[in-house]
Each structure stands twice: as C-alpha cells, then as structure tokens.
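Peer 1: What follows is a single structure, and I will ask about it in a moment.
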Amino acid sequence: AQTVTQSQPEMSVQEAETVTLSCTYDTSENNYYLFWYKQPPSRQMILVIRQEAYKQQNATENRFSVNFQKAAKSFSLKISDSQLGDTAMYFCAYTTNFGNEKLTFGTGTRLTIIP
Amino acid sequence: DAGVTQSPTHLIKTRGQQVTLRCSPKSGHDTVSWYQQALGQGPQFIFQYYEEEERQRGNFPDRFSGHQYPNYSSELNVNALLLGDSALYLCASSPPATETQYFGPGTRLLVL
C-alpha cells in the first residue's frame, strides 16, 4: 500500500523568506504522480503543484517549486518570497498513473507566515 | 466557469440519523471522488464514481453509500450516524482519464 509521510506538523517563517516543506512516500510503482495541495482556513483544497514521476525535471509554478528525488522517494515543496496569503495547511498527495485513481494524502504541515 | 460546488456548507445531525451531501463537478469532469477529513488529519478516500457506478472504495463501512447522476453530479449518503462521522467531507472531480483532482469547498458535518 502506498503511504505518504509529512514529518513537520508545523512551520513558521517571516514574510518574504523562503521555506521548504518535506514529504516522503512509499510505493512499489515506477510511474505515478505527486501533488502539493494548500488548504487555507476557508477549507478549500487548492492544487499548488504537481509532478509526474517519469519526468526528471522538477515542476515549478511561480513562487512554488519542488525538489523531486525519485530514488529517495522524497518530494519537498519550496515556497520563495513567502506571502501572508501562503498561511495554510499544506498536504502532500500521491496517486498512480492509471488515471482517475484515489489520492493518498499525508497528515499535513501547518505553515504560518509571520508579518 | 464554476468550480466544484458542494451543499450544504454546514450540517448538524444527531446520532442514528441519516444524511445526504451533494456535489456538482466542474464542467467537463466526469469522475467524482469523496473524501473524509477529520479535524487535524489529511483527507481519507471514501469512494469514487464514474459512469454512475462506484469504481473504487476506501476502507469505509457500508453505512457510507453514494450515487452519481447522468449529469455527473453526485451524492454521499451516511446512515446510522456515529459521533465519529463528524468531519469535513470533500468532493473532488476530475476530467476523463486524468490524475489531477479538483476539490470543492467541503461540507462540515457535526454529529451530536
């Protein structure tokens, strides 16, 4: 069974600084997808970034980038120039590449951006 | 283009009652998945509907059931509510044959 582990329950960083959230996963599959979702206090789960395992290039979306280490089964999220609106719970998630499969989530990291 | 919508936003029930939660997927999406998110936890997969049938199911009892209509909207039904069913229930939709799911705002269920 696939598992996703987020070992940092809480983190805080000053506004405009850079922060990295960690995620490790376990799978026997060779091809799969990884995601970071953001859940602000409004509860809406928002897709931040996704990575396809067969692509070696790390995904980037504006201030958000990932460090995908397939051999180590590690998938960290880096937020650059952090903003107050980045304050939220961040969840790492995994799914297979078979299409329309379930997401397996980690337990989340609560990130607070300090003004 | 409306995103995924869910109703109601909040719901209070008592133990033993039954509840129905509703979800309308994003336009163009044909697959709907339901997740339960307990306080302070990550979402847990309940089941997924495609072509009006349950395609996958997580580790949830038969008290949890669902339905998908021809317009792809979906319902989650929970019978014989327990206190432990109190949670945020999230609906997610996805386009055909893709792996990315888009979530609705959730329904907060409180069982007293």
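The values are calculated or read from the model by the stated rules, or taken from the named source; none is laboratory data. It should be emphasised that the depicted structure is a prediction, and the values quoted were computed from it without experimental measurement. Cβ coordinates were reconstructed from backbone atoms using ideal geometry, including for glycine residues, and neighbour counts include every protein chain displayed. For accessibility, only protein heavy atoms count, side chains too; no ligands or nucleic acids. Shrake-Rupley method; radii C 1.70, N 1.55, O 1.52, S 1.80 Å.
Peer 1: Please name the residues of the stretch A:1-42 whose accessible area, counted over protein heavy atoms with a 1.4 angstrom probe, falls by no less than 20 Å² between the chain alone and the full protein assembly.
Peer 2: Those residues are A:Tyr33, A:Phe35, A:Tyr37, A:Gln39.
Peer 1: Per residue, how large is the accessible surface of the stretch B:5-111? Use a 1.4 angstrom probe and give square angstrom. Don't skip to the end; give the middle numbers.
Peer 2: Values: 4790 Å² over 107 residues.
Accessible area per residue: 45 Å².
Peer 1: Can you grab the distance from the C-alpha centre of the stretch A:71-111 to the C-alpha centre of the stretch B:4-29, Å, no decimals?
Peer 2: Taking the Cα centre of each part, the stretch A:71-111 and the stretch B:4-29 sit 25 Å apart.
Peer 1: Sticking with this structure for a sec: Towards the positive end of the charge dipole of the protein assembly as shown, with charges on Cβ (+1 Lys, Arg; -1 Asp, Glu), say which of B:Pro43, A:Ala59, B:Gly28 has the farthest Cα.
Peer 2: B:Pro43
Peer 1: Next question, about the same structure. Find the centroid of the Cα atoms in the stretch B:49-112 and in the stretch A:1-31, then give the distance between the two in whole Å.
Peer 2: 26 Å
Peer 1: Then there's this: Provide the FRET efficiency to the nearest 0.05 for the B:Thr9-A:Asp81 pair, computing r from the beta carbons and using R0 = 25 Å. Could you put the intermediate results ahead of the total?
Peer 2: Numbers: r = 33 Å, r/R0 = 1.32.
So the FRET efficiency works out to roughly 0.15.
Peer 1: Now a separate question. Quote the charge dipole size of the stretch B:5-111 about the Cα centre in Debye, to the nearest 20; the model charges only the Cβ of Lys and Arg (+1) and of Asp and Glu (-1). Could you put the intermediate results ahead of the total?
Peer 2: On the way: 8 positive and 9 negative charges, 94 e Å.
Dipole size: approximately 440 debye.
Peer 1: At most 15 other C-beta atoms within 10 Å and a DSSP loop state: those are the exposed trypsin sites (Lys or Arg not before Pro) I care about. Give me the longest piece of chain B that has none.
Peer 2: Details: sites that count: B:Arg15, B:Arg63.
Maximal segment without exposed cleavage sites: B:64-112.
Peer 1: If you stretched the chain out fully between A:Thr5 and A:Ala72, how much longer would it get, using 0.36 nm times the residue separation minus the C-alpha to C-alpha distance? Don't skip to the end; give the middle numbers.
Peer 2: Numbers: separation 67, 0.36 × 67 = 24.12 nm, distance 1.30 nm.
Length difference between fully extended and current span is 22.8 nm.
Peer 1: Say the dipole of the protein assembly as shown comes from +1 at the beta carbon of Lys and Arg and -1 at that of Asp and Glu; which of B:Ala80, A:Ser42, A:Ala88 then lies farthest toward its positive end?
Peer 2: B:Ala80
Peer 1: Right, another one. Determine Rg/Rh for chain A; Rg is computed over alpha-carbon atoms and Rh is the Kirkwood hydrodynamic estimate from the same atoms. Could you put the intermediate results ahead of the total?
Peer 2: On the way: Rg = 13.6 Å, Rh = 14.2 Å.
With Rg and the Kirkwood Rh in hand, the quotient comes to 0.96.
Peer 1: Normalised by the empirical 2.2 N^0.38 Å for globular proteins, what value does the Cα Rg of the protein assembly as shown take? Provide the component values of the computation, followed by the final result.
Peer 2: Numbers: Rg = 17.5 Å, N = 227, 2.2 N^0.38 = 17.3 Å.
Relative to the rule-of-thumb radius for its length, the protein assembly as shown sits at 1.01.
Peer 1: Can you work out the Karplus-derived ³J(HN,Hα) for every residue in the stretch A:19-32? Use 6.51 cos²θ - 1.76 cosθ + 1.60 with θ = phi - 60°, whole Hz, and x for glycine or proline.
Peer 2: Computed from phi, the couplings for the stretch A:19-32 are 9, 10, 9, 9, 8, 10, 9, 10, 7, 9, 7, 9, 10, 6 Hz.
Peer 1: Assign unit charges at the C-beta atoms only (+1 for Lys and Arg, -1 for Asp and Glu), then state the dipole size of the stretch A:3-114 relative to its Cα centre in Debye, rounded to the nearest 20.
Peer 2: With only Lys, Arg, Asp and Glu charged at Cβ, the dipole is about 180 debye.
Peer 1: Report relative contact order for the stretch B:5-111 in percent, whole number only (criteria: Cα-Cα under 8 Å, sequence separation at least 6).
Peer 2: On the way: 272 pairs, mean separation 39.2, N = 107.
Reported as a whole number, the value is 37 percent.
Peer 1: Two decimals is fine: what's Rg over Rh for the stretch B:1-109, C-alpha atoms, Kirkwood radius as Rh?
Peer 2: On the way: Rg = 13.0 Å, Rh = 13.8 Å.
In the stretch B:1-109, Rg relative to Rh is 0.94.
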